[in-house]
Amino acid sequence: MTPVEDAETGGGPAAGATTAEEAGPDCPLRRNRDFLLLWSGASLSFLAARVTAVAYPLIVLWHTGSPLAMSVVSTAALLPLLLVQLPAGAMVDRWDRRRLMLVCEAGRLATVGSVALALAAGRITVAHLAASAFVEASLAVFYRLAERGAVRNLVHPAHLPTALAQNEARGRAAGLLGQPGGVLLQAAARWLPFAFGVFGYLVSALSLLLIHKVFQQESADRTGRRRMTTEVAEGIRWVWRQRFLRAALGYVAGTNVLFQMLALALILRIKEAGLPSATLAVVVGIGGVGGLCGALGGGRIQRRMRQRTLLIGGAVSWTLLIGAMGFTSEPVLLGALYAGTGFVGAVFNVGASVYQVRTTPDALQGRVAATAGLIGSGTNALGSFAAGMLLAAWGAETTIHTIAAAMAVLALFAVLAPDLKGEVTDDGTDTGTGSATRG
C-alpha cells in the first residue's frame, strides 16, 4: 500500500478550516469534531438505507408471494451499481462533495417519503417500489463515493486505517440494526420503514451543514471543463494499470454476485420452513454481530495480513459456511453461520478500503472508487435476477449449495491467479514485480 502523499492545493482550504494534516497525528480521532459529525450523520444515513432496503423485497414477497416479483424490485435497487457508478465518480471529483451529499439526502428523503405515503394510503404498486428503489440506490451511490473521498481530507493519514475501520464497523452496525429493524417495522406497519428513512436522511443532512473542514483538495485537474467521458476514462485507465487491484476486483465481483443470491435465498429459506417473517430478524441480527466484530478487528488484522491471504482465506471460509447453510433452517444456527460470513467479509472490506484509498490520488478518488465499485458490484443485479430464477426452479436449499460450489471455484481462482501475487505494500513495493509503484 502506498502512503497518502500530500497534494498541491490551489485555493487552499476555506477560511477557518483545517486540513487533515494540520490536525496532526497526536490528536486522537475521537476528538476530530468534523470526522465525528460526518461519521454520525452517515451512520444514520446508512441505517436508514438498510431499513428501507430490507423492506422493499419483504413487502413484495409477502404481498404477491412471487420470488420473481421480489427479484424485480431487488434488481431495480442494484442496477445503479451498474449504470450510475462511472458518471457518479466523475461528478464526485468535479463537484463540491458536501453540496452533492446534501442533494443526495434531500432526494432520498423525498423518495422514501413518497413510498411511506403510498403505503399508508394503500396505493402502492410493484412499479412504484421498483422505481423508488432505483432512485434511492442511485443517490446512495453518489453519497457513498463522496463520503469515502471526504474521509481522507478530514483525518490525518496516520488515522486513515482506524477511520476506515470505524466506517466499516458503522456499516456493519447499520446492517445489524437496520435489517432486523426493517423487518420488525414493516411487520408493525408497512409504511414505518420508509418513515424511518425520512428521519435518517434528514438528520444526516443536518450533520453535513455543521462540518467546518473542506471535503476535498483543490487541484489544477479539478476544473470541470473536460468532457465527462475523458474524466471517466482517466479513472478506468488508472485502475487498469494496477495489476493486483484489477484482478482482486474480478474476484470481488464474483463473490458479490453470490452474496446477492444468498440474501434472497435466506428469505425464501425462512418462508419455505413455514416460519413468520419476523424470524428473518433473528437470522440477520445474529449475522450482523459477526460483521460488526469483523469490522472492529479489521484494522488490526489488515495490518498483519497480505491482501492475497485475505482473499484466499475468505473464499475458503465462505465456501464452508455457505455450504453448511444448505443443511439447516434453524434460525439461530443460520444466524451463526451468517455471522461467520459477515466477519470474514468485514475484515476483507477494511483491508480493501485502506488499500484503495491509500494508493489513489485525491483528485481521482471518486472515479477510482466508482470504477472499482462498477467492476466489483456492477453485476450484483445479475445475482439478484439469477437468484429469482434459481429459487423459483430449485428452491432455497439447492440454490444455497450451488452458491457454495461457485464460491469454491473463486477460492481456486484466488490461489492460481498470477496478478493476485503483485499487491502494493506500505513502502510502495509491488510484491509481484519487485518494482516500486506510486498512486
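General remarks:
- Unit Cα scatterers, Debye sum, the stretch 82-139: log10 I(q)/I(0) for q = 0.19 Å⁻¹: -0.73
- Of Tyr56, Tyr201, the sequence from fewest to most neighbouring Cβ atoms within 10 angstrom is Tyr56, Tyr201.
- Think of it as helices only: each DSSP H run of n ≥ 4 in the chain is worth -39500 (n - 2.57), and spread over all residues that comes to -26000 deg cm²/dmol at 222 nm.
- Computed about the Cα centre, the dipole magnitude for the stretch 188-287 is approximately 320 debye when only Lys and Arg (+1) and Asp and Glu (-1) carry charge, each at its Cβ.
- Ordering Met91, Met228 from the fewest to the most neighbouring beta carbons within 10 Å gives Met228, Met91.
- Cα gyration tensor shape of the stretch 193-318, rounded if a/c is under 1.5, else prolate or oblate by comparing a/b with b/c: oblate
- Computed log₁₀ I(q)/I(0) - Debye formula, equal Cα scatterers, no solvent, the chain, q 0.08, 0.10, 0.12 Å⁻¹: -0.43, -0.68, -1.00
- If you wrap the Cα atoms of the stretch 304-343 in a convex hull and average its projected area over all directions, you get 2.8 nm².
Quick note: the coordinates plus some simple rules give every number you see, no bench work behind them. Note that the structure is a prediction, hence the values are computed from the model and not measured. Glycine also receives a Cβ, built like all others from the backbone with ideal geometry; neighbour counts cover every protein chain displayed.
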